[in-house]
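Here is the structure we will look at.
The values are calculated or read from the model by the stated rules, or taken from the named source; none is laboratory data. Owing to the predicted nature of the structure, the values given are computational and were not obtained by experimental measurement. So basically every Cβ, Gly included, is an ideal-geometry build from the backbone, and we count neighbours across all protein chains shown. Just the protein is used for accessible areas: all its heavy atoms, side chains included, with ligands, DNA and RNA removed. Shrake-Rupley method; radii C 1.70, N 1.55, O 1.52, S 1.80 Å.
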Amino acid sequence: MTQVLARKWRPRSFTELVGQEHVVRALGNALQQQRLHHAYLFTGTRGVGKTTIARIIAKALNCETGVTDAPCGKCTACTEIDSGRFVDLVELDAASNTQVDNMRELLETAMYAPSSGRFKVYIIDEVHMLSRNAFNAMLKTLEEPPAHVKFILATTDPQKIPVTVLSRCLQFNLKQIPQQQIAGRLAYVLGEEKVPFEAPALALIARAAQGSLRDSLSLLDQAIAHGGGRVEEASTRAMLGAVDQQHLFAILDALAKGDGAAMIAKADEMAARSLSFEAALLDLGTLLHRLALAQRIPATVADDDPDRDTMLTLCKQFAADDLQLYYQIVVQGRGDIGLAPDEYAGFTMTLLRMLAFAPGAEPGVAASPASAAPRSARAPQPATAAAAPMSASESAPVTVPVVSVPASVNVTWEELVQHLGISGFARQLAQHCEMTRLDATQIDLSIPKAQEHLLAGANQGRLKAALQQRYGAAFKVNIVVANVAASEVNSPATIASREQEAQKARARSDIDADPFVQELKKDFGARVRDVRPNG
């Protein structure tokens, strides 16, 4: 029986690993210098090599040639670990064995010396699924491990692991594997398997795998079957439901010209070919990201990129802030497509939303080629703080003056947030930001790395729009991600949290000082478990 590619081509040594050079280098040095830790923790998304590295470490520790960063792969220990028959290697799926009894049973066997190997190695996959009691049972062994035992933990969600366990492990974060490296590995595998292929097909598979080499190999198996023993771009695109980039280039070209009819016509053509509109929005977001990069840093477009000329031409048709806006609209559209009546409606409404915000588009009127011009061709229109005086007899539309923020005004970010009129995730974003600069022309905000996810979707755009509605369209809003802990940022959320903790501390102090409470402690050994201030 033919073995699936994901299992057949699973790396069996550090040299075969793809995309985790930082982990391989650290582990290789530790093994060469015999600086062995008793517990390792590997984190990362699915299919990036957590369990694979764990098994390679097990071989490195038990290879009959000695502890080494290059296990021979031929001795009894290495071959039995590769085949899953090594008696001193125990693999536990925490998702199926969450209870404390399972953990206690495993830890009891850890006390005994290895049967044939140098070390007993316990690999616990998806360790975050263990119950609290199971973690507590493990903690004792992690604190005082037997010299012959090594724990290797793997998880996709390290946030759920108790800090007491994290602090006793040597942690490695495995990154998603870049598409170029995945495509290169697939090309190598197909070369060894003597399977003909087209390079663009491998690029499609690498993109669909989203950083997971295992997923890419599974998709490669499907592509071989779908293409009748060959991996061709057309059949792979059909299998994945991927969208031809030329459709998206045509849509963006029509957007730059303000030609709504051409955009919808292209959407109709995609519908006739039964292409996935959800995938189209994903690819459109990726394309807008690439355009923004190419516009700012042209070197990011490789010389051998077949789309290089088209990309650089499109870059010149959009202003940088328009690309940012379109990107936000597409990301939001992808999130909303599941709520739309159907995918076609969700996709075309996203296109119409982009068209409505295109330069030169008038409220209530779709932009047309005659009315839209590239942003770079439009002269800036400075906002004025007040209109010139007019006589009462003059007939003119009423203009709303732009309110600017004088640099001398001492206003806090917390006060501004209260008056912006935003809600939901946009308000949460504002609450977790710290204002680092405010003057008449711009505001600079900082958000901690842990809250970076709040910048996703349309949240950032809504906050920017609220500030510009208050202070004028020319007002600049800059948000940067700070590599600091959330507690170190003086955001409204952090300030409120500090005040709550201070109230709690004062309340606890008052309770501890209460004569009645002191009497209860003295006579009955009572203790205050928790304090929750009222108000």
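Taking every DSSP bridge with both residues inside the chain, close to 15 percent are antiparallel. Calculate the translational D of the chain in whole µm² s⁻¹ from Stokes-Einstein, where the hydrodynamic radius comes from the Kirkwood formula applied to all Cα pairs, the temperature is 4 °C and the viscosity 1.567 mPa s. Value of D from the Cα-based Kirkwood radius: 46 µm²/s. With every protein chain in place and a 1.4 angstrom probe, the accessible-area ranking of 160, 120, 194, largest first, reads 194, 160, 120.
In what order, largest first, do 524, 197, 151 sit by accessible area if the probe radius is 1.4 Å? Let's see the in-between values first.
On the way: 524 160, 197 85, 151 0 Å².
Final ranking, largest accessible area leading: 524, 197, 151.
Among the trypsin sites (Lys or Arg not before Pro) within the range 303-342, those in coil by DSSP and having at most 12 neighbouring Cβ atoms inside 10 Å are 316.
In this simple spin-label model, placing a label point 7 Å from the Cα along the Cα-to-Cβ direction at both residue 276 and residue 487 gives a separation of 4.3 nm. Apolar share of the accessible surface for the range 181-271: 53 percent from carbon plus sulfur atoms, 1.4 Å probe. Charges were assigned to the Cβ only: +1 to each Lys and Arg, -1 to each Asp and Glu. The resulting dipole of the chain about its Cα centre is roughly 940 debye. Legend: distances between Cα atoms for 8/59; 59/120; 8/150; 74/120; 140/160; pairs beyond 23 Å are 8/150. Here's the picture: charge each Lys and Arg Cβ at +1 and each Asp and Glu Cβ at -1 in the range 4-87, and of 53, 26, 38 the one pushed furthest to the positive end of that dipole is 53. Surface calculation, 1.4 Å probe, protein heavy atoms: residue 51 sits at approximately 30 Å² accessible.
Hey, got the dipole for the range 16-106? About the Cα centre, +1 on K and R Cβ, -1 on D and E Cβ, debye to the nearest 20?
Taking the Cα centre of the range 16-106 as origin, the dipole is about 220 debye.
Fully extending the segment from residue 85 to residue 187, taken as 0.36 nm per residue of separation minus the present Cα-Cα distance, adds 33.6 nm.
Let me make sure I get this right: for the range 214-349, a, b and c are the square roots of the gyration tensor eigenvalues over alpha carbons, sorted descending. Under 1.5 in a/c it's rounded, otherwise prolate if a/b > b/c, else oblate. Which is it?
Since a/c reaches 1.5 but b/c is at least a/b, the shape of the range 214-349 is classed as oblate.
Of the accessible area of the range 29-175, computed with a 1.4 Å probe over protein heavy atoms only, carbon and sulfur atoms account for 46 percent. Using R0 = 22 Å, the C-beta based FRET efficiency linking residue 22 and residue 118 works out to 0.25. Probing with 1.4 Å while keeping every protein chain in the model, the per residue accessible area of the chain equals 55 Å². With each label modelled as a point 7 angstrom along the Cα→C-beta vector, the residue 170-residue 45 pair spans 2.8 nm.
The figure for residue 425 is an accessible area of roughly 120 square angstrom, using a 1.4 Å probe on the protein chains alone. With a cut-off of 11 Å on the backbone N, the residues of the range 432-465 near the modelled label site 7 Å out from residue 159 along Cα-Cβ are 450-454.
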